[in-house]
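Below is one structure, written out as structure tokens; comments come after it.
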């Protein structure tokens, strides 16, 4: 069945000296397990599960070739056989499952968080607080030697190959572009000189490791920064890298300092595959395309359209380690889809936490969280079918418990039913689809449109009761909140109440930003998160590559159909509490839509004249049609206290436990860990 559904995806890829079983690459992700005591043991299990589930080729997180290449002043480069021995547990685990694994060699250059940063020239990255000094000629030579030695140590450790990270704005990119490389020796000057650094790394690595070792080169095909490479330069480098001995070329999209989102949920699925397609035929070695390919049908379509020879998926393997196996066995609807939120993966990495996944708390915690079959089944009631309740019910039933899931509304999903309506968050609907499938697979007894009472639960004979009743919009207390102009976010998103052309939003947290995005989208224009051309136009990407870096002269966002004010009580910048790696996207998007962001606001009253506010000491009246309340949330209703007073065994999770912030990551994690112990 799977070969009929995804014939290109499951076609083997012959590399000459070895064959990959399919066209799926598990792309590189730094998990922080590389940097903590006992991390290699946990990494081994992490990669083992993906290899067992038939991933064609795995690439690890980046490993530095020397200490100067480390992203943080912690961690360990790979320079010695003693260090390589620590990696054997990882390579052995993958090979025991019949998989193949390459180690990524990554020198971060000026992106490091260290006083010892180095680069092609004296420079400072906008995303690092530390400046970098230019390497001397002798140090450049030594760095190449270190790359080669790192590859040899990877070979000694049992890896099937290496990926040389030449994109995303790291050290190799810093040598390639003239805006950073201002050297006057043989490693600087014209383009031919500047690209000798990556060419020599690949050439000498091939000489050192022999012919029967995979060398992937991650090529920046789209820099998305001013002064980046032209398309002709990129093609020239690709051909030189092929000559130097690379086995495969992988696609890199955008430097980390670029102001174009490249992997967030706002990016259309397979949104940058067109870049790799343009490179097809320019070289004779396989090309990999990447970014926002998260389901097998997207991967299959990408390959069938001739965009690449292979597809890379990274975060989707956090969401579901069995993605490839489920596709192969025709179980597509059982795939736990990556929703590209970044909340538990990249946001964790950039705050020095071990990586995980909002929809799969087991990711990178495989040795700590497991849902094993139970010896004695319990009767469990779960109240609330939002993300927390769904995870609790499905994982408890998976373990063998008898589960009743009660939901007051006519559909499962809770707050995700509102999130999926936000332009750029459509993926949240995939999570609802996934849980719907598990409910049927594991035999959860689902009771929709059923607001269960305390007495019914007391009489139900349950061994455990899990309260996951979620949240409801918090009420505000200024005069006029009962005026017809005033709506809360649930009335707009869940009940689809009409909203006028002039709107004020009270509250600039995550819900407020989502509401502004929702109201600023013109339904008569293409949704950029669903349309590649519209997206590139919106964010200023030149699909014709007419300028270096492929940035357009200016972005051309569609205009908002409404005049919107986003208000908050506190002073300072809007969105400070948003995700570390995605907050800038939301702020930029609303700025492009000309949303008026007002801080230090006092709310006076709402009446027929409008919304009376104070901005600092200035009195203003906003002539708006509606005021949307997005000022936090509170528990939906409290069943737990009465049940506990009757001596029942009750557990609160998600919003029922803490309604202060809407936090699906915490809710699903609490549920998953709870039922693992029941």
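To keep it simple, each residue is scored yes or no on (1) out of contact with any helix residue (DSSP H, G or I) (no Cβ under 8 Å at 6 or more places or on another chain); (2) part of a loop (DSSP other than H, G, I, E, B); (3) closer than 26 Å to residue 640 by Cα; (4) in the same structural domain as residue 648 (by TED's automatic domain parsing).
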{"position": "358", "(1), (2), (3), (4)": "no, yes, yes, no"}
{"position": "365", "(1), (2), (3), (4)": "no, yes, no, no"}
{"position": "394", "(1), (2), (3), (4)": "no, no, yes, yes"}
{"position": "403", "(1), (2), (3), (4)": "no, no, yes, yes"}
Would you point out which residue out of 263, 253, 285, 241 is over 23 Å from the mean Cα position of the chain (by Cα) and either surrounded by 24 or more Cβ atoms within 10 Å (Cβ to Cβ) or modelled with pLDDT under 95 (or both)?
241
From 443, 413, 384, which residue is at pLDDT 95 or above, surrounded by 24 or more Cβ atoms within 10 Å (Cβ to Cβ) and at positive phi?
384
What strands (runs of 3 or more DSSP E) lie completely within the range 545-622 and have 1 or more residues being farther than 30 Å from residue 265 by Cα and modelled with pLDDT of 90 or more?
601-607, 610-615, 618-622
Name the single residue that is nearest to residue 250 (Cα to Cα) among those in the range 182-213 being surrounded by fewer than 22 Cβ atoms within 10 Å (Cβ to Cβ) and touching a strand residue (DSSP E or B) at 6+ places or on another chain (Cβ under 9 Å).
206
Looking at (1) surrounded by 20 or more Cβ atoms within 10 Å (Cβ to Cβ); (2) assigned by TED's automatic domain parsing to the domain that holds residue 655, find the lone condition where residue 458 falls short.
(1)
Please find, among 549, 579, 583, 572, the residue that is loosely packed, with under 14 Cβ neighbours inside 10 Å and out of contact with any strand residue (DSSP E or B) (no Cβ under 7 Å at 6 or more places or on another chain).
572
For the range 140-148, check the following and say yes or no: at least one residue is surrounded by 15 or more Cβ atoms within 10 Å (Cβ to Cβ) and either at positive phi or in a loop (DSSP other than H, G, I, E, B) (or both).
no
Suppose we keep only residues that are outside any helix (DSSP H, G or I) and under 18 Å from residue 291 (Cβ atoms) within the range 321-342. Which one would you say is farthest from the chain's Cα centre (by Cα)?
337
Being at pLDDT 95 or above and under 30 Å from residue 324 (Cα atoms) narrows 99, 39 down to just 99
The number of residues in the range 453-488 that are farther than 20 Å from residue 401 by Cα and not in a strand (DSSP E or B) is 17
Subset of the range 1-36 [closer than 29 Å to residue 85 by Cβ and in a loop (DSSP other than H, G, I, E, B)]
15, 17, 18, 21, 27, 28, 29, 30, 31, 32, 36
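The values are calculated or read from the model by the stated rules, or taken from the named source; none is laboratory data. The model shown is predicted, which means the values in this text are computed figures rather than measured ones. Every residue, glycine among them, receives a Cβ derived from its backbone with ideal geometry; neighbour counts consider all protein chains shown.
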